[in-house]
């Protein structure tokens, strides 16, 4: 099944969190996003807003453009 853009972004964010050993509880504290909502954003994303993605990127310490560009590239590769 083809991955959606939001799913690709969420996967990127989870990967960076794992790489940097940052737990969801830490991201929740840094962003003020409730743990349950954050878990939904990261595991069952429907449509993540740009503002939410930016907030999560800042909390993780990763560049917003990098996350978006990588997700776009991966989605494009799926359709080729």
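In percent, rounded to a whole number, the relative contact order of the chain is 46, using alpha-carbon pairs under 8 Å and six or more apart. As a rough footprinting exposure proxy, the listed residues 42, 56 were ranked by other beta carbons within 10 Å of their own, and the order from fewest upward is 42, 56. Relative to the dominant Cα principal axis of the chain, helix 64-79 is inclined by about 30°. Computed log10 I(q)/I(0) for region 1-78 at 0.13, 0.25 Å⁻¹: -0.34, -1.26, from the Debye equation with unit scatterers placed on every C-alpha and solvent omitted. The helix-only estimate of mean residue ellipticity at 222 nm for the chain, built from DSSP H runs of length n ≥ 4 each weighted as -39500 (n - 2.57), is -23000 deg cm²/dmol after division by the residue total. Spatially, region 25-48 and region 66-80 are offset by 22 Å when compared through their Cα centroids. Shown is the FRET efficiency for residue 26 and residue 79, computed with R0 = 25 Å from the Cβ-Cβ distance and rounded to the nearest 0.05: 0.10. Note on 65, 5: ascending count of other Cβ atoms within 10 Å places them as 65, 5, the fewest first. Sorted fewest first by neighbouring Cβ atoms within 10 angstrom, 11, 30 come out as 30, 11.
The numbers here are math on the coordinates, done by the rules we state, and not lab data. Values in this document were obtained by computation on a predicted structure and should not be read as measured data. Using ideal geometry, Cβ is built from the backbone for each residue, glycine included, and neighbour counts are taken over all protein chains shown.
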